[in-house]
Amino acid sequence: MKAMGGIIIFVLVYGRMLEIYLLTSLAPIPVATLSNRELGSTGQNYIKSLFAVGFQGLLILVCVAIYAVLIQGIATSGDPIGAIWGNCGLHGSALLHAL
């Protein structure tokens, strides 16, 4: 279960990085339409989508940082396996829902 969650997070983060890279590498085409009165909305929509993807990446970064802090606080006194499974269920589902 833990390995599956790590794989999902890995794929999401690298997919988002690839999407940001592709959006920025193709930026000259839609940005060139900003000066045109008729096609200016294409460039504006591109800028909006670029900022949206950037904010999504920032939110993923914040969620992963919060998750790392929560995992460090696992109390393993007594039954370490029970503590790990108890926290993985709660925090793992919270992280996946946040992403």
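The values are calculated or read from the model by the stated rules, or taken from the named source; none is laboratory data. What you see is a predicted model, and the numbers here were worked out from it, not measured in a lab. When we count neighbours, we look across all protein chains shown, and the Cβ atoms used for this are built from the backbone with ideal geometry, even at glycine.
Data for the structure
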read-out: Output for the range 50-96, where each listed residue is exposed (fewer than 13 other Cβ atoms within 10 Å of the Cβ), small (G, A, S) and at pLDDT 80 or above; value: A52, A65
read-out: Residue count for the range 1-25, restricted to those that are of a type in the set (A, V, I, L, M, F, W, C) and either surrounded by fewer than 12 Cβ atoms within 10 Å (Cβ to Cβ) or in contact with a Pro (Cβ under 8 Å, 6 or more places away or on another chain) (or both); value: 8
read-out: Residue ID - nearest to G57 (Cα to Cα), chosen from residues in the range 23-38 that are assigned to a loop (DSSP other than H, G, I, E, B) and either without any contact (Cβ under 8 Å) to a residue 12 or more places away in the chain or among the acidic types (D, E) (or both); value: L26
read-out: Of all residues making up the range 39-57, the number that are aromatic (F, W, Y) and without any contact (Cβ under 8 Å) to a residue 12 or more places away in the chain; value: 2
